[in-house]
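Engineer: Take a look at the following structure, please.
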Amino acid sequence: MNTRRNAQLFSHRSGVDLYTAAASEVKRFFDPRFNATSVMVLPGRHYVTSAPTEMVVTLLGSCVAACIRDPIALVGGLNHFLLPESDTGQWGAANAAMRYGNHAMETLINDIIKRGGDRGRLEVKVFGGGNIIDVQSKNSVGKLNIDFVKRYLLNEGIKISAEHLGGSLPRRIHYFPVTGKVKMLLLKRHPDQRLFNAEMSYRERIAAPEDLDDIELFD
Amino acid sequence: MMPKKILTVDDSKTMRDMLLATLRRAGYEVIQAEHGEDGLAKLEANGADVIITDINMPVMDGISFIKACRKRQAYAATPILTLTTESSEEKKAEGRAAGATGWIVKPFNPEKLLRVVEKVCP
């Protein structure tokens, strides 16, 4: 039993926190081409802002990114995730893939709501899910990620206002949450081996996702 | 024996779906609500042996919901577990002060969640 009725209930967290990005981990620099501060979101992370000068950038292979904002509250951001390969099973079966994907979406949406966003007003654009790793496979990792994000948003009653999904090329997304504008670049296949490597190592990290195991029973 | 009743309160349908699947599999009867106010109405209509609630929700958030439950004599002692993405000590202290029985941070592990529910279930 991992729950104990005492003060030190918080079990050890695994080395890499796959679910949330601390502000200190965010890489940002001024990009004169866009006249904006570029904030890079790495696999497994998300970032939310209401700064009109910020542009959120991410590189997607078979991962997906949901760009979500509230156009009235002018706050938004994006996540970057893929589902771990796990027991498949029914939608709602609470398997590891579903819990992981759900968490990636929920933490982003909650951060937007906490900064004044309204769930009923969310504008969503989705990208990624390219078939870049296992090009031969029909049921590629990219497709599983696309299916998940679409099913999730449908289930939550949130409409997709724009999408660019699938295909076999990696993408670079530049998202301006305050205006909602997205600039997407389709990249020539693996122009940079680092993208491929980063995604592979992310896949390996989440192959057996550990739950945070943060349970506390109060006295 | 009648199955124990669990009220789940979460604004995300996906979360409600996952909780429903997890709890039903363990033999619980599940009642679902979308936010605190809906939770109070479902509680009045159906009662509950254990309540599992999210914290960040529209209309009535989890903290206000817990306080409202504790004000009602019938639910003053009903176990209330939070299930939330919030993991800060401040929020936990707020939940504890409001009268929460326990605090579970998402993403949840179904087996561990069931063990906690079983432990607090009267």
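The values are calculated or read from the model by the stated rules, or taken from the named source; none is laboratory data. Fair warning: this is a prediction, and the values are worked out from it, not measured in the lab. Here Cβ is always computed from backbone atoms with ideal geometry, including for glycine, and neighbour counts include all displayed protein chains.
Engineer: Please go through segment A:91-130 and pick out each residue that is of a type outside the set (D, E) and part of a strand (DSSP E or B).
Structural biologist: Selection gives A:V124, A:K125, A:V126, A:F127, A:G128.
Engineer: Any chance segment B:87-100 includes a residue that's at positive phi and surrounded by 18 or more Cβ atoms within 10 Å (Cβ to Cβ)?
Structural biologist: Yes: one or more hits.
Engineer: Which condition breaks for B:E44 when tested against (1) surrounded by fewer than 22 Cβ atoms within 10 Å (Cβ to Cβ); (2) touching a Phe, Trp or Tyr at 6+ places or on another chain (Cβ under 7 Å)?
Structural biologist: Of everything listed in (1) surrounded by fewer than 22 Cβ atoms within 10 Å (Cβ to Cβ); (2) touching a Phe, Trp or Tyr at 6+ places or on another chain (Cβ under 7 Å), B:E44 misses just condition (2).
Engineer: Further, regarding this structure: Is one or more of the residues making up segment B:70-80 in contact with a Phe, Trp or Tyr (Cβ under 8 Å, 6 or more places away or on another chain) and either more than 25 Å from A:K114 (Cα to Cα) or among the charged types (D, E, K, R) (or both)?
Structural biologist: No, there is no match, as no residue in segment B:70-80 is in contact with a Phe, Trp or Tyr (Cβ under 8 Å, 6 or more places away or on another chain) and either more than 25 Å from A:K114 (Cα to Cα) or among the charged types (D, E, K, R) (or both).
Engineer: Something else: Of the residues that make up segment A:157-165, is at least one within 14 Å of chain B (Cβ to nearest Cβ) and either under 24 Å from A:N102 (Cβ atoms) or within 14 Å of the chain's Cα centre (by Cα) (or both)?
Structural biologist: The answer is yes; a qualifying residue exists.
Engineer: Within segment A:55-69, is even one residue under 16 Å from the mean Cα position of the chain (by Cα) and either at pLDDT below 80 or within 14 Å of chain B (Cβ to nearest Cβ) (or both)?
Structural biologist: Yes, segment A:55-69 contains a residue that is under 16 Å from the mean Cα position of the chain (by Cα) and either at pLDDT below 80 or within 14 Å of chain B (Cβ to nearest Cβ) (or both).
Engineer: Could you grab me the full set of residues in segment A:38-83 that are part of a strand (DSSP E or B) and charged (D, E, K, R)?
Structural biologist: A:E54, A:R69, A:D70 - these are the residues of segment A:38-83 that are part of a strand (DSSP E or B) and charged (D, E, K, R).
Engineer: Could I ask something else about it? If I filter segment B:109-122 down to residues being more than 9 Å from chain A (Cβ to nearest Cβ) and of a type in the set (A, V, I, L, M), which single residue comes out as farthest from B:G39 (Cα to Cα)?
Structural biologist: B:L114
Engineer: When A:I112 is evaluated against the numbered criteria (1) away from every other protein chain (no Cβ under 14 Å); (2) within 14 Å of A:P71 (Cβ to Cβ); (3) in contact (Cβ under 8 Å) with a residue 60 or more places away in the chain, which criterion, by number, is the only one it fails?
Structural biologist: Only one criterion is unmet by A:I112, namely (1).
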